[in-house]
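J.: Okay, here's the structure, questions in a sec.
The values are calculated or read from the model by the stated rules, or taken from the named source; none is laboratory data. Predicted model, so just to flag it, every value in this text is computed and none were measured. So basically every Cβ, Gly included, is an ideal-geometry build from the backbone, and we count neighbours across all protein chains shown. Note: accessible area is taken over every heavy atom of the protein model, side chains too, but ligands, DNA and RNA are not part of it. Shrake-Rupley method; radii C 1.70, N 1.55, O 1.52, S 1.80 Å.
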Amino acid sequence: MQNGSPRILYVTRVWPSENGAYLRSLNVLRALQQIGHVEVVALDDGASPDAVSRSAFDVAHFLDVRPQPNKGLLDKLRWTVDPRRQYPNGWAVRDEATRRILPRLTSFDLIWFSTLHSPDMFPVTVWPRSVVDIDDLPSTHSRSSLSVKHGLRERLLAHRNIFAWKRREKLLGQRFTVLCVCSEEDRRYLTRIGVQTSVHVIPNAFERPAAEPVRNPVVPPRIGFIGFFDYFPNRDGIQWFVDQCWPRIKAAVPDARLRLIGKGSDAIRTLAGTDVDALGWLTDPSDEIRTWSAMAVPIRIGAGTRVKIAQAFSLKCPVVSTTLGAHGYAAVNECDMFLADTAASFSAACVRAMREPALAAEIAERAWRRFLDHWTWEAVRPRVWAAAEDCLRLRATAQGRREGSGILPPVESGPVQGEEIRK
């Protein structure tokens, strides 16, 4: 640490798109840059040149990654029963890149991983002086899929994934110094399964607008959806909405229109329907969202929290969401959003948002006030600092114990060896 400013290595694998992972990663990085000198490592899993050029990251190192799939019955069995098996997501940093970066790690006071996928791409199990921003818990994602998987084989596979990921999650406290999650529910889950390291809640958030937003709902009324359509939970949710909810909504409000924003929205033929407008990717969707009677969040699969909800709050756009879609927002039905989980109730809530604009506006106003208190990046930034400071404090305490014992050398003196980065 030089002049009281920590050296931080920030490892990320996300690139610009409409997805919340990029926004979260970028804003966490900006928060860390306010407390230390940050060097960025990007794990390049085939991001397009256009995405790289649009990135707001100032990347010091690009590390190539390669597929590392589990092939055959034996490999899959090992993945299931061995929670320490390397490369659980099927991707690995290439050997040359690994050899290039690992020896440099001991020169940093703090290593921050954006998403759990990032450290799992290295042949390293334990990461001292580290923070991992889990964002989405894999077992929660697998558990949520049970609600939409009806075949015996699909359900057995989901149960197998829940079993395997939960065992890995129990080891997180042994692998990293500090854990970050995006909701209190996720923090309580980790405590419940026995994780005993420090866990910080860093909510997903959205940029606070320069001025208080003014909505302009149009006639005919619009229901909208925004998301990354290559992401399966988004695609599944909007497909369910188009198939099961939209015909009911059209029967009640014949002139209603459905507006879809996001890269790939215009490429999925099964989303075509009566008065469905696929707008593709919009550089700034704010003006479009202001015209909506409500934003639909029909998410049935997934984990973590949806940034699109914070985005809707930031524009005073009423939200109609499933319970899973609203995970992490401590939402109460008809207080700061409409909550519904069946096709009939979800459709009815959308109809109410269109037919009762005063009620919808009142709900959106309450959500806006909560947004200002909890889900702007300005409000969330101190939580990032607290997690980093907690890691630095724990690292200093551990190092002091080692140096005092005379058994192990200080952090800066040892090379990187084996599966554990030397503390």
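J.: Can you give me the angle between helix 377-405 and the longest principal axis of the chain, using Cα atoms only, in degrees from 0 to 90, rounded to the nearest 10?
T.: Tilt of helix 377-405: around 20 degrees.
J.: Rounding to the nearest 10 and keeping the result within 0 to 90°, find how far the Cα-based axis of helix 20-33 lies from the longest principal axis of the chain.
T.: On a 0 to 90 degree scale, this one is about 50.
J.: Where Rh is the Kirkwood radius over the Cα pairs of the chain, the temperature 37 °C and the viscosity 0.692 mPa s, what D in µm²/s does Stokes-Einstein return?
T.: 144
J.: On the accessible surface of the stretch 245-403, probed at 1.4 Å, how many percent belong to carbon and sulfur atoms? If you can, show how the numbers build up before the last one.
T.: On the way: 3320 of 6300 Å².
Summing carbon and sulfur atoms, their accessible area is 53 percent of the total for the stretch 245-403.
J.: Continuing with this model, one more query. Where is the GNM fluctuation largest for the chain (alpha-carbon springs, 10 angstrom cutoff): 355, 13, 235?
T.: Among 355, 13, 235, the largest GNM mean-square fluctuation belongs to 355.
J.: Apply the a/c threshold of 1.5 to the C-alpha gyration tensor of the stretch 293-378 and tell me whether it is rounded, prolate or oblate.
T.: oblate
J.: What is the diffusion coefficient of the stretch 71-131 in µm²/s, taking the Kirkwood radius over Cα pairs and the Stokes-Einstein relation at 4 °C with a viscosity of 1.567 mPa s? Walk me through the numbers on the way to the answer.
T.: Working: Rh = 13.0 Å.
D, rounded to a whole number, is 100 µm²/s.
J.: Still on this model: How would you rank 112-123, 307-318, 325-336, 87-98, highest first, on the average number of other Cβ atoms within 10 Å across their residues? Walk me through the intermediate numbers first.
T.: Working: 112-123: 23.1, 307-318: 26.2, 325-336: 19.2, 87-98: 17.1.
Result, highest mean Cβ count within 10 Å first: 307-318, 112-123, 325-336, 87-98.
J.: Another question, then. For the chain, what is the accessible area per residue in Å², given a 1.4 Å probe and the full set of protein chains? Working shown, then result.
T.: Numbers: 18630 Å² over 423 residues.
Roughly 44 Å² per residue, with all protein chains present.
J.: May I pose another question? Sequence-distant or interchain residues sharing an amide H contact under 5 Å with residue 277, placed H: which?
T.: Correct list: 258, 259, 260.
J.: Right, next: Ignoring solvent entirely, what values of log10 I(q)/I(0) come out of the Debye formula for the stretch 284-328 at 0.15, 0.17, 0.23 Å⁻¹ when each Cα is a single scatterer?
T.: -0.35, -0.44, -0.75
J.: So what are the three principal axis dimensions of the stretch 54-192 from its Cα atoms, in whole Å, longest to shortest?
T.: That gives 49, 38, 35 Å along the principal axes, largest extent first.
J.: Please give the peptides 144-156, 261-273 ranked by average Cβ packing (other Cβ atoms within 10 Å per residue), highest first, as a rough proxy for protection.
T.: 261-273, 144-156
J.: In the structure shown, do any of 250/316; 170/316; 149/316 have a Cα-Cα gap over 31 Å, and if so which?
T.: From the list (250/316; 170/316; 149/316), the Cα-Cα distance tops 31 Å for 170/316; 149/316.
J.: Taking the alpha carbon gyration tensor of the stretch 147-226, what are the square roots of 5 times its eigenvalues, largest first, to the nearest whole Å?
T.: 36, 25, 8
J.: Here is a follow-up. I'd like the distance separating the alpha-carbon centroids of the stretch 137-184 and the stretch 81-111, in whole Å.
T.: That distance is 22 Å.
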